[in-house]
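Q: Below: one structure in structure tokens.
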Amino acid sequence: MKISVSGLRGIYGSDLNLYQICNYAELFGSRLLDQGRKCVLGRDTRPSSHIISRVFESTIMKQGIDILNIGISPTPVVFREARKSHGGCMITASHNPLDWNGLKFIIDGRGFYEKELTEMLERSVQQSSSGYGCSVNSISTYTDELLELVADMQIKNDKKIGIDPGGGAACIYSNIVFRSLGYKIASINDTLSIHPRSPDPTVDDLKELQALVRSSSLDLGFALDLDGDRLVVMDKTGKKLSSDLTLLLCISSAMKLGMRRFVLSVDTSSVVKEFILRHGGQVHFSKVGEANVVMEMAEEGADAGGEGSSAGFILPKFNKCRDGLLAGVLISSLDNESINECTELSSKYHQIRSKLAVDSSLHKALIERLFDIFTPNSTSTIKIDGIKLVIDENSWVLIRSSNTEHAIRISVESTSDKAGALFKDILTKTKMVFDEIR
């Protein structure tokens, strides 16, 4: 089981059981008693999500907290609705495999910051003296609010778009949103709880969507993960765009709306910073993790930003989380000239992202040893999150602890002719150090 600012995640029935769900629900409920007694609850379409939702709901109600249950809904929808309440919880493991599940806690319309998470985990469980809370089914107004947000964008609705929500929570919402914008859409895998592909579209080959885009001469293809916060974009040739390019396209659209101050996670491609600076914007960096980006946005007064590794675009005035549906709307609004500019600029960089299974108890020692080994060969180092080694103007390496798994994340960026060799060298040395310390 892994708990971080990205939420609580584990393999259901193995390292995540109903006893633990009750325990963490009680801790979260105790936190909510400090500021209010209402909690929005949503879930994705994993087989275990329904029972976990029921257990969480009954535990929270026992503490005197009312539940506003919106049922199967994307994470961005739950976050949006939670802005109107005191808190929220999404039952999901996002893009992790189907046998995983977890809880994503929401306060003040956002996820926990690291300090807040620590405080919650260390507190004692509290019960209300006012008796049980109640549960009511609630209907989200997310779709109307998203359409209102983009109403002034003058979107040209002549595009044809393919949508693959993968049987996830975005099935209903994705079709409604893009049809409401006037696009012609073709959707596949849009039956709730039927999962024909990987929950993570970034690692799936998306052959069905590719075939749909090509056979129907579509302009774009969009694939979402099970909870709808992660978007993968396919161009008109059926080629998957990189996650960093997807974020860049969102940033391009945001800049056309007048936004200039951005926060990017430290694992984001240099191309995004380069583009922002080229167009008169400002950039600040944060640790990886949605809540970390959001916290840095608040401190810097940023307009928007996100994470390159997950293509996670965040627009805090609308949602303080990654929002795959919003990202799709922004990208679909771009003209070909803007898309070509981003694609051309991005082509000079090549990213490789991988992971090495390492128990979390060994992460600190491993990263410290690697820092000593790699620092002499780098021009500068950044220790916002793990270690980021800047090799030259086009090359960097990031080694950090995963927020969602017992793993070390290794990210490399360089030119296409150097990235492979650089990654191989870093991975070899990381494995060597790991073998020494375990």
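The values are calculated or read from the model by the stated rules, or taken from the named source; none is laboratory data. A quick note: this is a predicted structure, and the numbers were derived from the prediction, not measured. Heads up, the Cβs are rebuilt from the backbone with ideal geometry, glycines too, and the neighbour counts pull from every protein chain shown.
Q: Of the conditions (1) under 30 Å from E208 (Cα atoms); (2) buried (at least 23 other Cβ atoms within 10 Å of the Cβ), V293 fails just one. Which one is it?
A: The one condition V293 does not meet is (1).
Q: Mind checking which residues of the range 113-157 are aromatic (F, W, Y), touching a Lys or Arg at 6+ places or on another chain (Cβ under 9 Å) and either modelled with pLDDT under 95 or farther than 30 Å from F178 by Cα (or both)?
A: Y132, the sole residue that qualifies.
Q: Identify, from the list E337, E341, the residue that is of a type in the set (D, E) and free of Cβ contacts under 8 Å to residues at least 12 places away in the same chain.
A: Residue meeting the stated conditions: E337.
Q: Find all pairs meeting these conditions: Cβ atoms under 7 angstrom apart; at least six residues apart or on different chains; first residue within the range 367-380 and closer than 15 Å to L398 by Cβ; second residue of a type in the set (S, T, Y).
A: Filtered contacts from the range 367-380: L370/T430; T375/T381.
Q: For the range 58-166, give me every one of the strands (runs of 3 or more DSSP E) that falls completely inside it and has 2 or more residues that are of a type outside the set (D, E, K, R) and farther than 22 Å from Y24 by Cβ.
A: Strands (runs of 3 or more DSSP E) meeting the threshold: 135-137, 160-164.
Q: Can I60 be described as buried (at least 24 other Cβ atoms within 10 Å of the Cβ) and more than 22 Å from the chain's Cα centre (by Cα)? Outline the logic, then answer.
A: On the way: buried (at least 24 other Cβ atoms within 10 Å of the Cβ): yes; more than 22 Å from the chain's Cα centre (by Cα): yes.
Against the criterion (buried (at least 24 other Cβ atoms within 10 Å of the Cβ) and more than 22 Å from the chain's Cα centre (by Cα)), I60 qualifies.
Q: Looking at the range 189-216 only, could you name the residues that are closer than 25 Å to D335 by Cα and either touching a strand residue (DSSP E or B) at 6+ places or on another chain (Cβ under 7 Å) or touching a residue at least 60 places away in the same chain (Cβ under 8 Å) (or both)?
A: Matches in the range 189-216: P201, T202, L206, L209, Q210, L212, V213, S216.
Q: Given I410, I391, which one is touching a residue at least 40 places away in the same chain (Cβ under 8 Å), within 21 Å of V288 (Cα to Cα), out of contact with any Phe, Trp or Tyr (no Cβ under 7 Å at 6 or more places or on another chain) and not in a loop (DSSP other than H, G, I, E, B)?
A: I410
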